[in-house]
Structures are given as structure tokens and as C-alpha cells.
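In what follows, a structure is listed as C-alpha cells, so that the remarks can point back to it.
The values are calculated or read from the model by the stated rules, or taken from the named source; none is laboratory data. Just so we're clear, the structure is a prediction, and the values are computed from it rather than from any experiment. Cβ placement follows ideal geometry from the backbone for every residue including glycine, while neighbour counts extend to all protein chains displayed.
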Amino acid sequence: MFPYVLFDLDGTLTDPKPGITQCVQYALRCMGIEEPDLDKLEPFIGPPLTDSFREFYGMDQEQAAEAVAKYRERFSEKGLYENEIYPGMKQMLEKLKTAGCHLAVASSKPEHFVKKILVYFDIDGYFEVIVGSELDGTRCQKEEVVAEALRRFFPDGNIPCDDIVMVGDRKFDIIGGREMGLHQIGVAYGYAPEGELEAAEAEYIVHSVEELEKILLP
């Protein structure tokens, strides 16, 4: 059992596809781009939005910032709640907490929204530490988020890396955890393209919440 568990949010604790993809679609429309196929927008789930608008739609920094602002315009009112917690997740968090595990959320989503989503699903009480990015775009890279979560857990700097695992559905979670010296679990039920978690050399890969529980609570 890992005494400390850091969870990604999107694609790991919750399935955010309807909200994220429709907000991206709205932002693109505001920028003069029509994308009717929401499935094509799945790659936006996980990485920082600015990076995705630049990578997938060739926007410059200024255009990407405008697109992010439009995204949040819809997300803050509606997209935030177009989301579902994965079946069995709340029960697993309860078991982890009862077993004495220290839990955190480490997400690239703005911390303001992360907290609202956790409250909406009534799972905020399971987490001792909740970390996201800043609304101004800083601390959006996963290694920065993980580093801040560790700083809040261990302000004295004595980090027991071998007792900590990062759980996430994208390569960013795996790489971010590894760069901080942590164990990593990739969840294949999320939104990683086929082969991404393997290519990132995740220490463990699971395909369901039940499999995840077996590793976290052997």
C-alpha cells in the first residue's frame, strides 16, 4: 500500500468529456473555427489548454489566450458540471481514507475549478491537499503541479518518494510523477491515446477502478 496517493482529476477521478469538448467547441467557434465532431477534441482532456490550442489549431500565444478565455466563459457556468465521477471511485476513496492513506489531487486544471468539481461530487473531504494551476496560466505543467502538492504535504522538504504514487490517465501524469521521483500508475480507462501510457513507461497500468483499487489497497 502507498501511504500517499496523488490523483489527476480529468480522466482519472471523473469523466469530463462532455464539458471539456463542448467548451473547446464553443471557444473554437468564437475564434471562427467550426468543429462538429466532439470526439476529435478528446486530446484536449489532460494537457494545459493553451498548449492544446497552439498544437492542434496552430494558434499563436495571443490567440490561444483568447481561446482559453472563451473556453472558461462557458466552462465556469455550464461545462464544469457536464462531468461524471467514475463508478466505484467514491467507494475506493473512502476505503483509502479509512486505511490511513493521505490523498491529494494534482491537476493541470485551474485550482479554483478543481475545488468546485470536487465539492460538486462531494469528494473534496477525502483530500488533504488539492493543487491545480493558476488562472493566469502559471503552474500548468504537471511536474510543477506535483512539486507544489509535495511541498504542501512536506513543507520541511523531507519527501519519502518511495511511499508516494502519482495516478493519472495521460503521459503528462506519468512523466510528471517520475520527474519528481514518485511511483506512477497509468489508468487506461481515461483518455490516453492507444499506447501512450506504455510509451511513457508507466510503472503500472490498470484498466478499471477495480484494478486500481487492487494496487492501492492490496
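Things worth noting here:
- Restricting the range 60-85 to residues that are touching a strand residue (DSSP E or B) at 6+ places or on another chain (Cβ under 6 Å) and more than 13 Å from Lys109 (Cβ to Cβ), the residue that is surrounded by the most Cβ atoms within 10 Å (Cβ to Cβ): Ile85
- Check on Val105, in contact with a Gly (Cβ under 7 Å, 6 or more places away or on another chain), crowded, with 21+ Cβ neighbours inside 10 Å and over 29 Å from Glu34 (Cβ atoms): no
- Residue within the range 103-111 that is farther than 24 Å from His207 by Cα and under 19 Å from the mean Cα position of the chain (by Cα) present: yes
- Candidate set from the range 20-59 (those that are touching a residue at least 24 places away in the same chain (Cβ under 8 Å) and not in a helix (DSSP H, G or I)); member that is surrounded by the fewest Cβ atoms within 10 Å (Cβ to Cβ): Ile33
- Tally of residues being of a type outside the set (A, V, I, L, M, F, W, C) and more than 18 Å from the chain's Cα centre (by Cα) across the range 24-54: 11
- Extreme residue, nearest to Asp136 (Cα to Cα), among residues of the range 60-72 that are free of Cβ contacts under 8 Å to residues at least 12 places away in the same chain and acidic (Asp, Glu): Glu62
- Criterion (out of contact with any Lys or Arg (no Cβ under 6 Å at 6 or more places or on another chain) and buried (at least 19 other Cβ atoms within 10 Å of the Cβ)) met by exactly one of Tyr120, Tyr191: Tyr191
- Among the residues listed as Glu66, Glu84, Glu34, Glu62, the single one being under 15 Å from Ile123 (Cα atoms) and modelled with pLDDT of 95 or more: Glu84
- Search result, residues across the range 129-172 that are among the small types (Gly, Ala, Ser), at pLDDT 95 or above and more than 21 Å from Ile45 (Cβ to Cβ): Ala147
- Residue within the range 68-86 that is under 14 Å from the mean Cα position of the chain (by Cα) and on the phi > 0 side of the Ramachandran plot present: no
- Within the range 177-191, the residues that satisfy the criterion of being closer than 21 Å to Ala149 by Cβ and without any contact (Cβ under 8 Å) to a residue 60 or more places away in the chain are Arg178, Glu179, Met180, Gly181, Gln184, Ile185, Gly186.
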